[in-house]
Each structure stands twice: as structure tokens, then as C-alpha cells.
Amino acid sequence: MSEQEVKNLEEIFEQKIARDEKIEPKDWMPEKYRKTHIRQMSQHAHSEIIGMLPEGNWITRAPSLRRKVALLAKVQDEAGHGLYLYSACETLGISREELYEQLHTGKAKYSSIFNYPTVTWADMGAIGWLVDGAAIINQVPLCSTSFGPYARAMVRVCKEESFHQRQGYEIMLTLCRGSEEQKQMAQDALNRWWWPSLMMLGPTDDASTHTEQSMKWKLKRKTNDELRQQFIDQTIPQADILGLTIPDKDLKWNEETGHYDFGEINWDEFWQVVKGHGPCNKERLQTRVDAWENGAWVRDAAMAYSEKKAAKKVQKAS
Amino acid sequence: MSEQEVKNLEEIFEQKIARDEKIEPKDWMPEKYRKTHIRQMSQHAHSEIIGMLPEGNWITRAPSLRRKVALLAKVQDEAGHGLYLYSACETLGISREELYEQLHTGKAKYSSIFNYPTVTWADMGAIGWLVDGAAIINQVPLCSTSFGPYARAMVRVCKEESFHQRQGYEIMLTLCRGSEEQKQMAQDALNRWWWPSLMMLGPTDDASTHTEQSMKWKLKRKTNDELRQQFIDQTIPQADILGLTIPDKDLKWNEETGHYDFGEINWDEFWQVVKGHGPCNKERLQTRVDAWENGAWVRDAAMAYSEKKAAKKVQKAS
Amino acid sequence: MQKDILIKYILGIADNSLILGQRLGELTGHGPTLEVDIAMTNISLDLFGQVRSYFQYTAQLSEEDKTEDDFAFLRKEREYINVLLVEQPNRDFGYTIARQFLFDHFHFLFLNELQNSKDKTLVAIAKKSLKEVSYHRRFSSDWIKRLGDGTEESKRKIQIAINDLWRFTEELFHQTNADVEAIKEGIGIDTDKIKAKYLENVSEVLAEAMLEKPDLKFFQEGGKKGIHSEHMGYLLNDMQYMQRTYPGMKW
Amino acid sequence: MQKDILIKYILGIADNSLILGQRLGELTGHGPTLEVDIAMTNISLDLFGQVRSYFQYTAQLSEEDKTEDDFAFLRKEREYINVLLVEQPNRDFGYTIARQFLFDHFHFLFLNELQNSKDKTLVAIAKKSLKEVSYHRRFSSDWIKRLGDGTEESKRKIQIAINDLWRFTEELFHQTNADVEAIKEGIGIDTDKIKAKYLENVSEVLAEAMLEKPDLKFFQEGGKKGIHSEHMGYLLNDMQYMQRTYPGMKW
């Protein structure tokens, strides 16, 4: 292609985005757009898959049948989200195997929040309320992002995430209206999940790369710090209803800004976890790798079987 | 060796046994004596090793520290018994590997009682009381059997078994003096272990092979039926003290014989379990095979290490 | 019909779904593919849904003030009366599928008959569940075929699993005293009548999967009498943990 | 010294032995050889013996009417304050030995110092335990050498285990508030003082075993704050099962 042709294509591409039209897999797109989308969507897909594990940890121990069914359904939804997102990713010409390979070798990232252990039942509430809450804030803008398959996947994901968030909040509410011990359990979960949830909104703006480009492609609409403020402002009143205390002594309402001021985030911890040294990084990856390796013979069998079937069909047809 | 020489040796051998002298590994012995002893001692050793599993099943769940320590020590004793008995067996020119091989392939037998599951804590009591009780009755006569290493191993084994039996009985006693639920648990365990314990004393005399030869070699002093009667007679008063009911409606004291009459034993069940179709036969063997296979690399390493050490020593010495 | 016998009859049905659902729940997040993971979680969800219907009914029948969760979580091991088959562990995917396959074919025929019960609540549950179980049966049978007629390795593995688990199939048809009573009343299902069909259906799939039907003389039983395998205790330790540790609380 | 702080200090010691003893107890009957099986059960027995001494002491110190078993079995997961290292699962024999080795060397130095405590009961427990732990340390160190200098496979496996578990070693030396208080009173051990020796001793064995000492910047902590790994819950489910299911009974 001549330089001029590429330039024309780029122009058409950018106009489309400006007009809020979707870019579809078969459309021409700059290589960087493709790569950025593979990176972000696969990271998102991996987060759903790894995210099944901390909650999966409580399926066998859910305290009532109702909660067990809800938890199973929730973790299953996450698998479903992973599936749409991997499929969306595959439209950009990368295979599921390659994506898994990147996850299993540690090349691809996933949301660091899932590297914390779920140590009590209340964590099922806190994850729904806080982690899904933060995820929604990250994700709602993506429902109108420029890449069609991603935007459509996110519409579906966001709908289910809101449901999960309400469910999580309801778990917290039940605990807070329960015995003293249950309330303590809820407070303890809040204490442990609060700061990691704030970190989920990403590094502070000055430490964040890609922001400008992502804004242009509508992969981002607000900066990390704006999103974080939004999350805090929306969550504090919810904590008040629960009667729980946010574990931040610097937290207070600022009349002037109309927002909550909050304390210093421990970014050292954030980067430690991102770099693979969180409490459960090793366990999470190991679990996925084990599942993948233990399943190899099953996938091989399915493949061999469908090849045999196909061959028989051809034979019959001829 | 000439026929006459063999005959002379046989005579010396038989006189020794008649005089209650021990046969030692280096002594001449008939091939059948050797084979019979390997079979019986290895079967006994295997029973100790497999016997670790049903009780080992409750180590992680023992209801008090005191009971946990006692149970650990008991299962460890069984491992120790296995060790002496394998060693005694090895003096007859068979290797530990061959013995394990026979166990793992199902060629060698072990006591069928260990093919029943331990489903409640009370089973720890019932096994100690009944299973060890029956074992002692089988084993005490072996303390004066003709083959020296076997006799000496049995002296040690029997001492520890009596201790285990008292311990098991004490577990039952505690349960029977406890809550209604605990007492039921004890009764339930007695119901499940009673008949298999009676079967432990072996098939009825008319179905039993080897008895005559075994008597001569002092591998047996009484017939299976005599031993069984002894076990029943001694156990009934113990059950009375516990306030438990023996699950046999035909059981009653016979003034004339001075023994208890008892009901029909389900020998079909006995043979089904002996032939490998008891409730846990598959699981027990699988567990042993898994342990053995998972440990292969460890044994290989230990072997390689000691060979290296030995080589270094030789090098230094030269 | 006496309520406590009817309850016992229903527990004999419900416990199978409960324990199998629990076993499948262990696997969520660990499947060989994402699609299979989702499908197996789905089966688990269906089974727990059925369990809730059954236990809500037993709670209603019970003289005492009991809830569905009391039935699910607060019995002792000796009081669960599921068959041994469903409590067998997830040794590998072959075992998981073989267990599912051997149970689904029974479950399907059983529910199909249960539609004719004189107990209207059981009829309603059976009708609803049958649709789900018909899907389970297709799923597990398809996988039996894939594994049986897949690779050498998968054929070997699934055959081992089938051979191993076959000894638990006979118990599916055993009748407890409560079962006999319920059958007499026209409420329960005479499992004798579905046994031939079960063997026929299972054999058909095995044949198509190029697998051998095991030829066993000895079978295992115990679960229906509450005498479970040693795997059961550990399953219950996990399942009951919260209810035991925090008695009497709402969640 | 305040009794509740002293109790907390002692729990910090005892819980390590309790949880490690429990992990080893899982292995009885499953060892790679009969001799190793016996030896590891022995270590478990020693540890539980120590646990009983500690908990009998805390029961005595406690204002409430508590027994050793209350301390062992009736706390919630968040109330156990063992280090993360000891709760790590028996992934294979390499992990079991590496865990033991990394703990034994700490345990030995710790008890050695504890002999100088102002608390006479702790001194007595330390003296008795030290003999046992000296044997544990020899056992695990010898196996590190055998595996490290054994076959290619064993070298690989034990190195993986050491690398994996190394991240839990730093926590051994962390001091809780109770620890700081106890040190101030001359009752507790200043773990800072034994850290260099620990690293020296461990490095020496690793070198002799031809293994590499991991070079890590990031370590894990949490156990001492009662924030355990996800393995801990399952361990407790089993360990507490009887006490939770049958509350208030004697055994």
C-alpha cells in the first residue's frame, strides 16, 4: 500500500471513531489499535477467568443453598464474560491458545485484585460490592468504546456485573443485620478489600501511560483518578447504610470540592502485586496452569473425535 | 544333596521344632516351610500397612489433642509392626520390593477387615476394641511359633496391640458415658464392626486349608473356630460393661458348653471381600500404589545419593 | 402416607442431587475448557435447584420447624442417604464424566417415571427437572463418545473410570424401606422397572463410544443406608463448615 | 505482664506447631517409604506434644474456663496466628521437606533462645522441645541433601519447592505487638537476633545439597495477622469438624 493510501485509510478510520461509528474486525485499523485492543481485551478476559478462583473458593462452603446457587451462577457468569471477551479478541486474529499461553507464562496481566485471598464468607459480599463496583465504573464507559465486538461484549458484561454488585451488597447487608460476629466479619472484609479496590482503578494519572491514546479511541473516557473519586463518592454512603467504617482515617467530606478526600494509597503494594508478588499470584497462575495441563488429554480427545466425524462425513459425501 | 542328607536335615529340623527350639534364617528348612512363612508373614506385614489407612483417615479429624496424639502414635506403631515383619520376611530371602510388588498387584492378601470404611469417630474405638482384640487372639500364640524372627517380632507386636486394644476400649467407654448421640455412635460402630471382626478369625474349620501343617509348625495352636469362640466369650462381657448390644439376635449363653452360642456368619460377604470386592478394596490398594508411585523419585534420589557418598568414600580411601 | 416416611423417600432422591451438585461445584474454575467449565457448573446449578425444591417440600412436610438448609447442611454423615456413586471424587475428568453419565441415565428414567406419582408436588418437580436432566444426559453421553472414540489415551482413561465406577451402579436400583412404602402408595417409583432400560441405554452409548461394558459380579452398596465411602466425610466437612461453625445464623 | 498478651505471644509459637503437625498428620500412611512415614509421623507427634504443653499453659493463664482443646479447635480462622509457611499444602514430598527444613532451622534457633526466657514454663517447654526439634532439623536437612544431590529429577523438584516456599521465610521473623511486648518483658525472643544465624545455617545446608539459595526481594506475610492463605480454611474444616459438629462433648 502506498503511503497515501494508508493515510486515507487512517483518515476514514479516525472519522468513523469521531462519528461514534463502530470499528469492526474486517475494517482496516492501525496496527497499534489492533495491538492495544488485543492487550486490553485479553487482560480483561484473563481477569474474568482468574476472577473465578477467589470466589470459586467458597462454592463448596456457601452457608445456604440460596447463596450457593447465587455464587455458582455468578462464577459461571464470569466464565461467560471470559468467553465473550476471548471471542472478541479472536476477531483480531489471535487464537485462544496464544491468549492462554500469554496468561500461563505470566506475559499477560490480569486484574491484581484477584491476587488477594478470600478468607471468610464475607469476602463474597465485599468482592461483589467493592470489586464489582469498581469494575463497573471501569467498564460502563467501554459500552460505547470504538471497537464493535468489545463494546457489544461490554454491554452484556455490565448488565450482569450490576446484578452481581447488588448481590454482593445484599450479602453485606445480611451480615450487618446479623449477629455481632457476622458484622465483625463484614467489617473485616471491608478492611481487607477497601484499598485493593481503590487500586483497581489504576495508577494515579501522572503514573499512567496510554491515557491520551486511549481517550481518543474511547477506550477511556475519564482518567484513573476521576474514576477512583467517583467510586469513593458512590461507595461511602453505601458503607454508611451498612454501618461499617471505611478503613481510612483521612477520609472526609470536602464541602469545597463536593467530593470525599481520602488517604494515601500504598502504591508500593500495588506495584508489588502487579509485578507478580501479591499474596496469591503464584497460586492463581498455578491453578490455571494445572487446569489447563490436566485438561490437555480431554481437549485432544475432543479434537480427534471431531476430526474423525468430519472425515466420516466427507467419506459419506463422496 | 542326596536324598538321605535331606532326610537327615528334615529330621533335625523337626526335632528342633518339637523341642520348642527356634528355627533361624540361616538354618536349613524345607522349601514349603520357607514359602509358607513368607506368605503368612508378608500377609501380616501388609495387613499392618494397609491397616494404617482406615485409622489414618481420622487423624486430621480426631476430636481432641489427646486423642489425636494417641491415634498418630497408634498408626505409627502399625507402621513399625509392618517394618519388623517385612524385615523378618526378608531374612527368608525375599526383598521388600518383591513384597510390595505382590501387594500392589493384588497377588498378596491382607486382612479383609481393613476393606471396610471408617465412617465415624467411634470406628476408632471399635477398631481398637474389636479388631485389635481379634488380632491379639490370632497373634498371641505366634509369640512362641517356631520361626525365630517371626516369634520375636510378635512378642513386640502383641505388647503394643494390647495397649491399642485398651485404648480403643477406652474410646468406646468415653462415648458410652457421653451424650445419647455419642452412645448411638458407639452402638452404630459396634453394629458395623462386629461381624467383620468375627470373620477376622478366619473361615470355619471345615473350609480352612493349611491347618494341620500350620499346627505342626506352631503357626497355629488352635483352630479358627476355637479362636472365634474365645473372642466372642471374652468380648460379650466387655460389651455389657459398655451397655451396648451385640448385633446378633441368636447370641446367648450356653450353660452346657460354657460358651456363647452365636448366629450364622455371612460367609458370602467374607469371600466377596477376600476376593477383592469389599467396600474399600480398590481404594486401599489404590492409595498404597499411589503412595508408592509418588514416592519413586524420592527413593531414587536417596539411592543415588548414598551411591555417590559411597563412591566418594572409596575414592578417599584409595 | 406417613409424613416421616415420605420425607425419607424424598431425601433419598434429593441427596443424590445435593452431593453430585457439590462434587461438580468443586470443579468450577478448573475445567479442561471454558465451555466445559460453564456446562458443568450449569449441571451443578440445575441439581441444586432441584435440591431446593425437594427440601422446601420436606421442610413443609416436617413437623418440626425446619428449613431447606437444615436438611442440606445439618444432618450427620450417617443421615445422608445418597448412593455411593455420586459422592465419588473428581479423580480426573474421565471419572467426573463417567460418574455423571452413569447417574444421568438413571436420573432421567427415574424422573420420567416420577411424573406419574400420586404426589402432585413430586410430579411438578419431576416435570421441571426432567428437561434439565435430559440435557445433562446428552452432555455426558456426548463426552463419553468423544473420550471413548477420541485418542488412545482418552479411551484408556474413560474405560478405567467406567470400569471403576460400574460397581456403584447396582445401588441406584436398591429400594429402602421408605422406597418400598412409597411405591406401595403409588407415590414412589419402582426402580426395578427401569433397570433393564437403564442398562440398554447405557450399553448403547458405550457401544457407540467403542467402549466395553464392564462385566461385574460384585457391586457396592451402603450409601442408601447412610454408610458412605471415606470420601464423604471430607465433602461434608467443607459443605457444612459455615453452618456448623456459626450455628443458627442467617446468611 | 498482661495475661492476654502473654497468651497471644504463646499462641504465636504454638499455632506453628499445631498447623505443621496437622499437615504432617495428613501424610501418615502415604510416605515414600515406611521409614520416612514413621519419621514424619514422629515429627507430627512431637509437634502436637509441644502444642499440648503450650495450650495447657494458656488454658491455665486464661481467665475463662478454657481447655487445651478450646485453643486448638475452637478458634475461627482469623484467630489462628501461625505463619503462612506451615499451612502450605503437601504438594509433593519436595514441598513437604522444604517446608519442614525452612521451619525447623527457625524453630531450633527460636527454642534455643526461648530457654533464656523469664517465663519458667516456657523455659521448660523449650528445653524439652529443643531435643526433639534438633532431631527434626537433622532429618529435614539430611533429606534436603539427599534430594539436592540425588538425581536430576529430585534436584529439580526440591529446588522448585525451595524457590516457591522461600517467600514465606521472612514472616518467621516478623514481630506482632504481643511479640514486642513479650520481648520487652524478657519473656519473648527477639527474632531479629536469630535471623542472620538462620540464613547462615540454611545457606550452608543448601550449599552442601548443591542447591541455590533463592534471591528474592518480595516476601509474603499475613498468617501472624490471622490473614491466611486459601489453603488454611480447608485444613481447619477437617481439623475442627468433630468439635464443631458435636459441641461441648467429651471424647
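The values are calculated or read from the model by the stated rules, or taken from the named source; none is laboratory data. Quick caveat: nothing in here was measured; it's all calculated off a predicted structure. All Cβ positions, glycine included, derive from the backbone under ideal geometry; neighbour counts span all protein chains shown. The accessibility values were calculated without ligands, DNA or RNA, using every heavy atom of the protein model including side chains. Shrake-Rupley method; radii C 1.70, N 1.55, O 1.52, S 1.80 Å.
The calculated 222 nm mean residue ellipticity attributable to helices in chain A amounts to -21500 deg cm²/dmol, summing -39500 (n - 2.57) over DSSP H runs of n ≥ 4 and dividing by all residues. For a bin width of 5 Å, list the pair-distance distribution of segment B:10-125 built from all Cα-Cα distances, rounded to whole %. Histogramming segment B:10-125 at 5 Å steps yields 2, 11, 18, 17, 14, 12, 10, 7, 5, 3, 1, 0 percent.
Restriction of the GluC sites (Glu not before Pro) in segment C:39-125 to DSSP coil positions whose beta-carbon has at most 10 other beta-carbons within 10 angstrom yields C:GLU63, C:GLU64.
What number comes out for the charge environment of B:LYS16, summing +1 per Lys or Arg and -1 per Asp or Glu over other residues with Cβ under 9 Å away? Walk me through the numbers on the way to the answer.
Working: positive: B:ARG19, B:LYS22; negative: B:GLU14, B:ASP20, B:GLU21, B:ASP27.
Net of charged neighbours comes to -2.
In segment A:212-318, if the dipole is taken from +1 on Lys/Arg beta carbons and -1 on Asp/Glu beta carbons about the Cα centre, which of A:PHE270, A:CYS280, A:THR257 is farthest to the positive end? Looking along the dipole axis, the top candidate is A:CYS280. Please give the charge dipole size of segment D:3-245, origin at the Cα centre, charges +1 on K and R Cβ atoms and -1 on D and E Cβ atoms. Round to the nearest 20 debye. In debye, rounded to 20, segment D:3-245 gives about 280.
Quick one: pull the percentage of alpha-carbon pairs in segment A:107-264 with a separation above 24 Å.
Of all Cα-Cα distances in segment A:107-264, 37 percent exceed 24 Å.
Take the Cβ-Cβ distance between A:LEU251 and C:LEU216 as r, set R0 to 56 Å, and report the resulting FRET efficiency rounded to the nearest 0.05.
Working: r = 67 Å, r/R0 = 1.20.
Calculated transfer efficiency: 0.25.
Under the combined filter of DSSP loop state and at most 10 neighbouring Cβ atoms within 10 Å, segment A:146-226 retains none of its chymotrypsin sites (Phe, Trp or Tyr not before Pro). FRET efficiency for the C:GLN2 to D:ARG78 pair, using the beta carbon distance and R₀ = 35 Å, is estimated at 0.15.
The mean accessible area for residues of segment C:3-245, using a 1.4 Å probe and ignoring ligands and nucleic acids, is 36 Å² per residue. Legend: mean number of C-beta atoms from other chains within 10 angstrom of residue C-beta atoms, peptide D:215-226, equals 2.
Using a probe radius of 1.4 angstrom, the carbon and sulfur fraction of the accessible surface of segment A:60-149 is 57%. Counting Cβ atoms of other protein chains within 10 Å of each Cβ in D:33-40 and taking the mean gives 6. Could you pull out every one of the lysines with an alpha carbon less than 19 Å from that of B:LYS316, ignoring same-chain neighbours closer than 8 positions? B:LYS316 reaches B:LYS308. Compactness ratio for segment B:1-69: Cα radius of gyration over 2.2 N^0.38 Å (N = residue count) comes to 1.91. Per residue, chain A exposes 45 Å² of accessible surface when a 1.4 Å probe is rolled over the protein heavy atoms with every protein chain present. Per-atom-type breakdown for segment D:3-245 gives carbon and sulfur 49% of the accessible area (1.4 Å probe, protein chains only).
Label zone (D:GLU152, point 7 Å along Cα-to-C-beta; backbone nitrogen cut-off 19 Å) within segment B:278-310: B:296-308.
How big is the dipole moment of the protein assembly as shown about its Cα centre under a simple scheme where the beta carbon of each Lys and Arg is +1, that of each Asp and Glu is -1, and everything else is neutral? Debye, nearest 20, please. Mind dumping the intermediate values first?
Working: 150 positive and 172 negative charges, 227 e Å.
The dipole of the protein assembly as shown has a size of about 1080 debye.
On association of chains C and B, roughly 1600 Å² of accessible area becomes buried (total for both chains; probe 1.4 Å).
Take the Cβ-Cβ distance between C:GLU170 and D:GLU64 as r, set R0 to 41 Å, and report the resulting FRET efficiency rounded to the nearest 0.05. For C:GLU170 and D:GLU64, the calculated efficiency is 0.15.
Given a 1.4 Å probe and the protein chains as shown, C:LYS213 ends up with an accessible area of around 100 Å². The spacing between segment A:167-235 and segment B:123-140, judged by their C-alpha centroids, is 61 Å.
Only Cα pairs under 8 Å and 6+ residues apart enter the sum, and on that basis the relative contact order of segment B:17-118 stands at 40 percent. Between segment D:106-176 and segment D:76-101, how many Å separate their Cα centres? Distance between centres, Cα-based: 12 Å. Close amide H partners of A:PHE147, meaning residues 5 or more places away or on another chain with modelled amide H under 5 Å apart, are A:ILE23.
Dipole of the protein assembly as shown computed with +1 at Lys/Arg Cβ and -1 at Asp/Glu Cβ about the Cα centre; of A:ALA134, B:ALA45, A:VAL119, farthest Cα towards the positive end is B:ALA45.
Averaged over peptide B:290-298, how many Cβ atoms belonging to another chain are found within 10 Å of each residue's Cβ?
Working: counts 1, 7, 4, 1, 5, 8, 2, 11, 18.
Across B:290-298, the average partner-chain Cβ count within 10 Å equals 6.
Surface listing: B:GLU14, A:GLU269 arranged by accessible area from highest to lowest gives B:GLU14, A:GLU269, probe 1.4 Å. Buried on complex formation within segment D:233-251 (loss of at least 40 square angstrom of accessible surface versus the isolated chain, 1.4 Å probe, ligands and nucleic acids ignored): D:TYR234, D:ASN237, D:ASP238, D:TYR241, D:MET242, D:ARG244, D:THR245, D:TYR246, D:MET249, D:TRP251. When the charge dipole of segment D:127-249 is built from unit charges on Cβ atoms (+1 for Lys and Arg, -1 for Asp and Glu) and taken about the Cα centre, the candidate among D:ALA161, D:VAL205, D:GLY222 whose Cα reaches farthest toward its positive end is D:VAL205. Dimensions of segment A:79-195 along the principal axes, based on C-alpha atoms and rounded to the nearest Å, stand at 54, 31, 21, largest first. Run the numbers on segment C:69-85: which residues show a drop of 40 Å² or more in accessible area, chain on its own versus all protein chains together, using a 1.4 Å probe over heavy atoms? Going by heavy-atom accessible area, the residues of segment C:69-85 that drop by at least 40 Å² are C:PHE73, C:LYS76, C:GLU77, C:ARG78. When only alpha carbons of segment D:22-117 are considered, Rg and Dmax amount to 15.1, 46 Å.
Once you list every other residue whose beta carbon is under 13 Å from the beta carbon of B:THR223, what net charge do they have if Lys and Arg are +1 and Asp and Glu are -1?
Numbers: positive: B:LYS220, B:ARG221, B:LYS222, B:ARG228; negative: B:ASP205, B:ASP206, B:GLU212, B:ASP225, B:GLU226.
Taking every Cβ under 13 Å from that of B:THR223, the sum is -1.
Helical content alone sets the calculated 222 nm signal of chain D at -22000 deg cm²/dmol, taking -39,500 (n - 2.57) per DSSP H segment of four or more residues and averaging over every residue. The figure for D:GLU221 is an accessible area of roughly 80 square angstrom, using a 1.4 Å probe on the protein chains alone. Here the Kirkwood formula puts the hydrodynamic radius of chain B at 21.5 Å, using every distinct Cα pair. Spin-label model, B:GLU160/B:GLU226: points 7 Å from Cα along the beta carbon direction are separated by 2.9 nm. Going out from 0 in 5 Å bins, what whole percent of all Cα-Cα distances in segment D:3-245 drops into each bin? Over segment D:3-245, the share of Cα pairs per 5 Å bin runs 1, 6, 14, 19, 21, 18, 12, 6, 3, 1, 0, 0 percent. I want to verify a result. In a Gaussian network model of chain A, Cα cutoff 10 Å, which of these has the top mean-square fluctuation: A:THR287, A:THR60, A:THR174? Looking only at A:THR287, A:THR60, A:THR174, the largest GNM fluctuation is found for A:THR60. In the structure shown, the pairs A:LYS107/D:LYS8; B:LYS74/B:LYS220; C:LYS155/D:LYS145 are assessed against 31 Å; a Cα-Cα span above that value is assigned to A:LYS107/D:LYS8; C:LYS155/D:LYS145.
The listed residues C:LEU199, B:LEU242 rank as C:LEU199, B:LEU242 when sorted by accessible area, largest first, using a 1.4 Å probe.
For chain B, modelled as a GNM whose springs connect Cα atoms under 10 angstrom apart, the maximal fluctuation among B:ALA126, B:ALA62, B:ALA301 occurs at B:ALA301. Across segment D:145-195, Cα-Cα distances exceeding 18 Å account for 52% of all pairs.
In whole Å, what three semi-axes, largest first, describe the equivalent ellipsoid of the protein assembly as shown built from its Cα gyration tensor (square root of 5 times each eigenvalue)? The partial results should precede the final answer.
Values: eigenvalues 578, 288, 201 Å².
Ellipsoid semi-axes (Å, largest first): 54, 38, 32.
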